[in-house]
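Each remark here refers to the structure printed beneath this line.
The values are calculated or read from the model by the stated rules, or taken from the named source; none is laboratory data. Please read all numbers here as calculations on a predicted model, not as lab measurements. Cβ atoms come from the backbone with ideal geometry, glycine included; neighbour counts cover every protein chain shown.
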Amino acid sequence: MGAQNGKDLLVKVDMNGTGQFETIAGLRATRVSFNAESVDVTSLESQGGWRELLSGAGVKSASISGSGVFKDAGTDERARQLFFDGETPDFQVIIPDFGIVEGPFQVTGIDYAGSHNGEATYEVSLASAGALAFTAI
């Protein structure tokens, strides 16, 4: 995978539960993280004293964070309502020349900021809330 435009990494939300995904408008910076906890099964009998991990065990998770400016009333309202309702709709993350990650996420944080002579900005944090699917592009 060669160099890519950061603006091509998109976060989309299912707007109404029917698979109608729309890009969350106004994001200027986006970050996607994938994590897997390990399960240590090292014992006194472990070869050479090296740590051993249990294959296929542990908890997998993903998190998404982004920041930007308000641009679209529909997606702004959707993200805010998801936070207050505690819903976990499907989101899509399009990673250019790599693939699409799709599955349920919960909005775990929204921060709003603004200065006297600048635009109003926001930051949003999402945590995976179930199994995710990956589709290569």
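Numbers for the structure displayed
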| quantity | calculated |
| --- | --- |
| Residue identified as in a loop (DSSP other than H, G, I, E, B), exposed (fewer than 12 other Cβ atoms within 10 Å of the Cβ) and either under 18 Å from the mean Cα position of the chain (by Cα) or free of Cβ contacts under 8 Å to residues at least 24 places away in the same chain (or both) among ARG51, ARG28 | ARG51 |
| Some residue of the range 7-16 being farther than 24 Å from GLY130 by Cβ, modelled with pLDDT of 90 or more, surrounded by 14 or more Cβ atoms within 10 Å (Cβ to Cβ) and under 14 Å from the mean Cα position of the chain (by Cα) | no |
| Extreme residue, modelled with the highest pLDDT, among residues of the range 84-119 that are part of a loop (DSSP other than H, G, I, E, B) and loosely packed, with under 11 Cβ neighbours inside 10 Å | GLY86 |
| Number of the condition not met by SER63 [criteria: (1) in a strand (DSSP E or B); (2) within 17 Å of GLY26 (Cα to Cα); (3) in contact (Cβ under 8 Å) with a residue 60 or more places away in the chain] | (2) |
| Residues that are out of contact with any Gly (no Cβ under 9 Å at 6 or more places or on another chain) and either under 18 Å from GLY26 (Cβ atoms) or of a type in the set (S, T, N, Q) (or both), drawn from the range 96-137 | THR108, GLY109, ILE110, ASP111, TYR112, ALA113, GLY114, SER115, ASN117, GLY118, GLU119 |
| Hey, PHE91 aromatic (Phe, Trp, Tyr) and touching a Leu at 6+ places or on another chain (Cβ under 9 Å) or not | yes |
